[in-house]
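The block underneath contains the structure these notes are about, expressed in structure tokens.
The values are calculated or read from the model by the stated rules, or taken from the named source; none is laboratory data. Since we're looking at a predicted model, the values are computed, not measured. Backbone-built Cβ (ideal geometry, glycine too); neighbour counts: all protein chains shown.
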Amino acid sequence: MQAAAQLRLGDRLEILASVYRAAGANGLTDEQACEQAGLLDGGWKRCSDLRRLGTIQPTGQTRIASSGRARIVCRITDP
């Protein structure tokens, strides 16, 4: 996914926001969102940006990531 690595910051944020929007109330972990968006290199930083901007918010749930650790699930704030 070299093309994804060359996307501008705003493009990465918009791609991730649309992935979260598509997930609806079920939400996604950062890992799930990045996989679905094709942003496997540092995409988690953009998820953090979306939380800071108020675009996504934690649901209070966790899911087990590929690492075996529990990760927070977030959903879009304005579906």
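Could you list, in sequence order, the residues of the range 28-44 that are modelled with pLDDT under 90 and part of a helix (DSSP H, G or I)?
Of the residues in the range 28-44, the ones modelled with pLDDT under 90 are 39-44.
Matches in the range 28-44: GLY43, TRP44.
Give all pairs with beta carbons closer than 9 Å in which a residue from the range 35-54 that is under 14 Å from ALA17 (Cβ atoms) and touching a residue at least 12 places away in the same chain (Cβ under 8 Å) meets a residue that is of a type in the set (D, E, K, R) and surrounded by fewer than 17 Cβ atoms within 10 Å (Cβ to Cβ); count only pairs at least 6 apart in sequence or on separate chains.
Qualifying pairs under 9 Å: GLY43/GLU35.
From (1) over 12 Å from CYS74 (Cα atoms); (2) at pLDDT below 95; (3) surrounded by fewer than 15 Cβ atoms within 10 Å (Cβ to Cβ), pick out the condition that doesn't hold for ALA25.
For ALA25, the exception is condition (1).
Being in contact with a strand residue (DSSP E or B) (Cβ under 8 Å, 6 or more places away or on another chain) and among the basic types (Lys, Arg) is the filter here, so list the residues in the range 5-36 that pass it.
ARG21
For residues in the range 55-79 being part of a loop (DSSP other than H, G, I, E, B) and touching an Asp or Glu at 6+ places or on another chain (Cβ under 9 Å), which is surrounded by the most Cβ atoms within 10 Å (Cβ to Cβ)? Quick ask: steps written out before the conclusion?
Within the range 55-79, the subset part of a loop (DSSP other than H, G, I, E, B) is 55, 65-69, 77-79.
Then keep just the ones that are touching an Asp or Glu at 6+ places or on another chain (Cβ under 9 Å); that gives 55, 65-67.
On the way: THR55: 19, ALA65: 13, SER66: 10, SER67: 8.
Once the filter is applied, the top-ranked residue is THR55.
Of the residues that sit in the range 60-79 and are under 15 Å from GLU31 (Cβ atoms) and hydroxyl-bearing (Ser, Thr, Tyr), which one is modelled with the highest pLDDT?
Per the criteria, the residue is THR62.
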